[in-house]
Structures are given as C-alpha cells and as structure tokens.
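Visitor: Okay, handing you the structure first.
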Amino acid sequence: MPLLYRLTADAVVILHAGYVSYVLIGQLLILVGILCRWSWIRNPWFRWTHLAAILIVVVESLLEITCPLTTLEQYLRRESGTTAYQGDFVGNWVHELLFFDFTPDVFTAIYTAFGLVVLATFLLVPPRRRRT
C-alpha cells in the first residue's frame, strides 16, 4: 500500500505541474498569439478557464489557503511513510521545479502581479463572442 500512496503522490505533483504549466505557458501563448494574430487565442473556453485558473491561485494566496493539491500530496507522502523526495525521479524533479523557498508574502505578490497581467490581457484582447 505505501507504494500506491507514493505513486499517487507523484501523480498529484505531475498534475500540479500541469496546472502551473497551463497558467504560465497559456499566458505566454496568448501574448505571442496577440503578436502573431492567432485566432485560436480568443477561444472563449481557453480564455475563461485560463483566467479562472490564475484567479483561484490568487484568491487562495490572498486568503492564505494552502493549495489543495499541495495538501493532498503531503497527505499521500505521509501515508506512504515518506516525506523526502528520494528515489522517484519524475516526482522529485517536478517537485523541485514547483516549490521554491520564498516567504508567503513573496508568493502572494508574484501570484497577484501575474494574475493582473492575465486579467489585463483578457480585457485588452478578450475572447471572441459566440456567434448567433
């Protein structure tokens, strides 16, 4: 059973990295897409989910709520009997890419600033409206 918990914890870290990637790479693609006049960057589903993803992070940070994915990963690691990231190559490296040693205030400032960039981009280059 400890192996199952450890593998599930690694899967949660990979999911977490995917979430972060969606927010960061999504914004980069939107900015490049504006310059290159890519029409797909105005897809309402993409733009609304992208905005929602960063707003969730900003609200959690402002309310000092620990990310549920982080909480779940920590629980699974404890249940597996490990807290260190030894032995699991993918889980270890994805974890190292996600977590930095900054104070919570620094993270809140970074998340909020990035959220404002996403919001500004959303308002300046809005998603296309549905055709009726």
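Read-outs: derived from the displayed coordinates by stated rules, not from any lab. Every value quoted in this text rests on a predicted model; they were computed, and no experiment measured them. Virtual Cβ from ideal backbone geometry, glycine too; neighbours counted across all protein chains shown.
Visitor: Tell me, in nm to one decimal, what length is gained between GLU64 and MET1 on full extension, where the rule is 0.36 nm per residue of separation less the Cα-Cα distance? All intermediate terms of the calculation are to be shown ahead of the outcome.
Guide: Working: separation 63, 0.36 × 63 = 22.68 nm, distance 3.25 nm.
Working it through step by step, the gained length comes to 19.4 nm.
Visitor: While we're here: In the neighborhood of LEU29, defined by Cβ-to-Cβ distances under 15 Å, what is the net charge if each Lys or Arg adds +1 and each Asp or Glu adds -1?
Guide: Value of the local net charge: +3.
Visitor: Additional query: Hey, quick one: spin label on ARG78, modelled 7 Å out along Cα-Cβ, who in region 13-37 has an amide N within reach, i.e. under 19 Å?
Guide: Correct set: 13.
Visitor: So how strong a dipole does the chain carry about its Cα centre when Lys and Arg Cβ are +1 and Asp and Glu Cβ are -1, to the nearest 20 debye? Could the numbers behind the result be given before it?
Guide: Numbers: 10 positive and 9 negative charges, 222 e Å.
Dipole of the chain, to the nearest 20 debye: 1060 debye.
Visitor: Hey, another quick one. Go through TYR22, LEU124, LEU4 and say which Cα lies farthest out towards the positive end of the charge dipole of the chain; charges sit on Cβ, +1 for Lys and Arg, -1 for Asp and Glu.
Guide: LEU124
Visitor: Another question about this same structure. Of the listed values (1) 26, 16, 15; (2) 23, 17, 14; (3) 33, 17, 13, identify the label whose number matches semi-axes √(5λ) of the Cα gyration tensor in Å calculated from this model.
Guide: Matching entry in (1) 26, 16, 15; (2) 23, 17, 14; (3) 33, 17, 13: (3).
Visitor: Still on this structure: Where does each of 29-40, 117-128, 69-80, 4-15 land if you order them by average Cβ count within 10 Å, highest first? It would help to have the intermediate numbers written out before the result.
Guide: On the way: 29-40: 11.9, 117-128: 13.7, 69-80: 16.3, 4-15: 18.0.
Taking the mean over residues of other Cβ atoms within 10 Å, the ranking is 4-15, 69-80, 117-128, 29-40.
Visitor: Next question. As a test of the formula, what do you get for the chain when each DSSP H run with n ≥ 4 contributes -39,500 (n - 2.57) and the sum is divided by the residue count, at 222 nm and rounded to the nearest 500 deg cm²/dmol?
Guide: Working: 5 runs with 98 residues, N = 132.
Rounded to the nearest 500, it is -25500 deg cm²/dmol.
Visitor: TRP40 to THR71: FRET efficiency via 1/(1 + (r/R0)^6), r the Cβ-Cβ distance, R0 30 Å, to the nearest 0.05? Don't skip to the end; give the middle numbers.
Guide: Values: r = 34 Å, r/R0 = 1.15.
In this case the efficiency is close to 0.30.
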